[in-house]
Structure formats: C-alpha cells, structure tokens
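Worksheet: the structure to be examined is printed underneath.
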Amino acid sequence: MSTGVRKEFDVSAIRAEFPALSRSVYGKPLVYLDNAATSQKPRCVIDAITRYYEEINSNVHRGVHKLSQDATHAYEGARETMQRFINARSPKEVIWVRGTTEAVNLVAQTYGRSHVGAGDAVVITAMEHHSNIVPWQMLCEEKGAELRVAPMNEAGELDLEGYQALLTDEVKIVAAPHVSNALGTVNPVQRMIALAHERGIPVLLDGAQAAPHLEVDVQDLDCDFYTVSGHKMFGPTGIGVLYGKEALLDGMPPWHGGGDMIRSVTFEKTEYNDLPHKFEAGTPNIADAIGLAVAADYMTKLGLDRIAKWEHELLAYGTELLSGLEGLKIIGTAAEKASVISFLIDGIHPHDAGTVLDREGIAIRVGHHCAQPVMDFYGIPATSRASMAFYNTREDLDALAAGIVKVQELFG
Ligand code: 7TS
C-alpha cells in the first residue's frame, strides 16, 4: 500500500515506492544524492498526475461541465492540503506559483515595489541562493534602495548580532533562507523573525530546502511570507506555494494580469479577484498542483518527525564517514544542519570528482549551487555536495565514500 500509515520507518519499503531509485546508471545501481537540486517522485504522485490527465483534464474555475467541476474540486482541494501542510490559517493564504524563484519575484514585484522606496533597505543573508538575491537586487536598483547582507561565521551560521545591527528604520523587508542549500545550515528563523517584528519589519522565509526535511508551521513561525518548491519535496516540477499572511496579500497589488485574476473587466477599469486568485493569472498548473498535494500527504503519512530523525542519523553518519577521509574538508559545519554535506577534496576539482562519481552511478551536485556569494565567502569556486532525502541509506553514503577514495586514487 503506497499511502498507508506506517508503524516503522522502513526505508527499503519507502524506496520501492520511488521507481527512479531502482534504476541503474552505467550498469551500476543508482545512488541518488542530489536531492537539494530536486527529489525523486513516489509512484502515488506519478499516478495522480496520470489520473488527472486520463480522467478529469479540463480548465478550472470556468466550466459548468463535469470535468471542469471535478478538476476545480481537485485543484482547490490540493490548495487546502497545502494549507494544512504548512498550517496556514486559510486557503486564501496559499498562492500557487512555479516554485520558490517565482514566489520571491512575486513578493519583490508586488509588496516590494509598493513598500520599498529610495533610501530604504532590504535585508538578506550571506548564505542565499541566487533566487533570494537577484529579485531584491533588481528591486533595489529600480528604487534606489540598499541591499544589506547579514553576515555569517566560518561554520556557515548566521551572525545574529550582525543581523540585528542591520535592522534599522530604513529596512522594509527581510528575506532569508530557512535552510541553506549550499551549506545545509538551519537558520534561527524564529529569533530572526522576532527581532524583525520588534521593529515592524515583515519577513519572507525561503523554504525551498526546509519543506522537504522539517515540519513547517507558518503560524508558529509567524513569518509573513514563506516559499515552497514542490519538486524538492517529492512533487512535480513547475509547481510551488507562496504563503502570505492574508492581510498582507490583501493589501498588495496584483502581479501578472490576465484571466482568472479579475472579477470584471472593461476597457476603462478592471476589478481584481479575491485572494488567492488575485495572484493567479491564466490557466494554472492544475495537474502538478494535484500532484504536489499528494506528495505533501505522502510526507505527512511518513511523519515529518520520523523523516527528520532518519535524516539526522544519515547526516551524522555521512559527516563522520566523510570527515574520516584523508584530504577531505566539509564546508558548512553549523550546529543545526539539514541533510546536506558540501565538501572539497584536496587537489581535485569538484567537477572531476563529480564526473568520476557519476560513472560509479553516484549522483551528486558539483559547482557553486546557485550560491556564488557563499563560494566567494570561503574563497573557493565550487564544492561537491551530497544532499540526502528520507529514502537514502547508510549504504548510499558508504558508496559515496568508496567513490571518493576512487576519485583520489585516480587523481592523486
Ligand atoms: N532557494 C533555495 C534555498 C534553493 O535551494 C533553491 C533551489 C531555490 C531557492 C530555487 O528554487 P526553484 O525551485 O525555484 O528552482 N536550489 C537548487 C540547488 O541547490 N541545486 O539546484 C537547485
């Protein structure tokens, strides 16, 4: 049974539900350790998407006919599932987007453009993915505002005092990662939000790397905006969620104009639709919204606490194993980490390491991980990065360690 509640965290049974995990690569069993880039999909998600196209494919919010009603019901039901998954107060606070990149751009282009002016400031951190830098940079350039960067230490932990010192009256919004993709750092987001709120500054959390690993409760966090990328949490590509507090979203101008986001249109004036539709112009990604909700339910049934516990064990195991290898250095050693291990091998370029590992069937990511300022901070061009999901095993990490030794033998 693919979605039943399990008593034990049975990794081999879980792996059997992800078809891609049983394939081989160059004649070797696939060892998939690139989950921070994107995760594999369970059969139930793949089936839900297929079922949508085979049975109820039609446009939403438009038709009186049966298929359109069923599609609308499934699509809006998926929104409610995501609302429960992140514990938003209302489905109105759940905006479908393509992913975190689109979510951040939406907030920068709507809340940002209407609240940030010349002389104002936006605060981000030293450990951002480019998608939480560039949209704010574009906004600041347009408005004549300042982009401030909260510092981090050598371990890749946010410097809270340095962060606090940046929160002056000019700051109109803070945008920070819940979990860093390049380093794995889990940020002290509750403290960061409280400090910003003391000054009346709203906070956007980039949750791209958190939602696949941690229980996310937006009410408990009290964040003002939160972003989710569906494809990193075992759902399809091209779908994600922007959460926003209803009062904030209500006060924001729309972004894209078009069908579905309007109540009435004349050539003189358009009345905009209510939330959440105000931010969803055009035919949406119906099938993948439905698929993402199935992924969220799948995670809920596995148990977010048990996922976190298993990944913690994997992280500890992998960290010890890799630290024990001669000539290997881990980049990102924060006390609080999600299951990401970025590393350097003495004298070997990450691209060479990644290429040799690939021939062993081991998929990791090498490069700057769309976090060039993080690489600049450490004075390196790139790292190799192994990123785990709940379906990974100690054997996967053993294979990685053996692969690294092989890399060292080849290039040493
Ligand atoms: N924010 C973080 C922290 C991310 O890790 C990523 C993607 C994004 C935003 C962008 O998300 P998207 O779904 O809109 O693309 N990170 C990575 C990565 O680490 N390797 O490939 C993509």
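The values are calculated or read from the model by the stated rules, or taken from the named source; none is laboratory data. Bear in mind that the values here come from a model prediction, so they are computed numbers and not experimental data. Glycine also receives a Cβ, built like all others from the backbone with ideal geometry; neighbour counts cover every protein chain displayed. Surface accessibility is based on the protein's heavy atoms, side chains included, excluding ligands, DNA and RNA. Shrake-Rupley method; radii C 1.70, N 1.55, O 1.52, S 1.80 Å.
Quick notes
- Rolling a 1.4 angstrom probe over the protein heavy atoms with all chains in place gives the stretch 213-323 an accessible area of 41 Å² per residue.
- Fraction of antiparallel bridges per DSSP, the chain only, in percent to nearest 5: 60 percent
- Surface accessible to a 1.4 Å probe, Cys370 within the full protein complex, Å²: 40 Å²
- P(r) tail for the chain: Cα pairs beyond 29 Å make up 46% of the total.
- Only alpha carbons enter this Debye calculation for the stretch 42-146, each as an equal point scatterer, and the log10 of I(q)/I(0) it gives at q = 0.15, 0.18, 0.23 Å⁻¹ is -0.81, -0.95, -1.18.
- Distance from the C-alpha centroid of the stretch 24-80 to that of the stretch 390-412: 33 Å, rounded to the whole angstrom.
- Length added when fully stretched, Phe411-Asp260, from 0.36 nm per residue minus Cα-Cα: 48.6 nm
- Ordering of 340-349, 115-124 by burial proxy (mean other Cβ atoms within 10 Å per residue, highest first): 340-349, 115-124
- For the chain, the fraction of 1.4 Å probe accessible surface lying on carbon and sulfur atoms is 51 percent.
- Area accessible to solvent at Arg359, 1.4 Å probe radius, in Å²: 130 Å²
- With the highest mean first, a sort of the peptides 170-178, 403-411, 319-327 on other beta-carbon atoms found within 10 angstrom per residue produces 170-178, 403-411, 319-327.
- Summary of the geometry: the stretch 123-162 and the stretch 205-245, compared by the centres of their Cα atoms, lie 19 Å apart.
- For Glu161 and Asp47, the difference between the fully extended length at 0.36 nm per residue and the C-alpha to C-alpha distance is 36.2 nm.
- Between the stretch 255-284 and the stretch 167-203, the alpha-carbon center distance in angstrom: 31 Å
- Distance between the modelled labels on His197 and Glu246, one decimal in nanometres: 1.8 nm (7 Å Cα→Cβ projection).
- Base-10 log of normalised Debye intensity for the stretch 88-150 (one unit scatterer per alpha-carbon) at q = 0.22 Å⁻¹: -0.90
- Where Phe267, Phe9, Phe225 fall by accessible area, highest first, once all protein chains stay in place (1.4 Å): Phe267, Phe9, Phe225
- Across the stretch 268-376, C-alpha contacts under 8 Å between residues 6 or more apart give a mean separation that, scaled by the residue count, equals a relative contact order of 14 percent.
- Shown in residue order for the stretch 199-211 are the 3J(HN,Hα) couplings computed by the Karplus curve 6.51 cos²θ - 1.76 cosθ + 1.60 at θ = phi - 60°: 9, x, 9, x, 10, 9, 9, 7, x, 3, 9, 9, 4 Hz (x for Gly and Pro).
- For the chain, calculated [θ]222 nm from helices alone, where every DSSP H run of n ≥ 4 adds -39500 (n - 2.57): -11000 deg cm²/dmol
- If you bin all the Cα-Cα distances of the stretch 211-345 at 10 Å, starting from zero, the percentages per bin are 10, 27, 28, 19, 10, 5, 1, 0.
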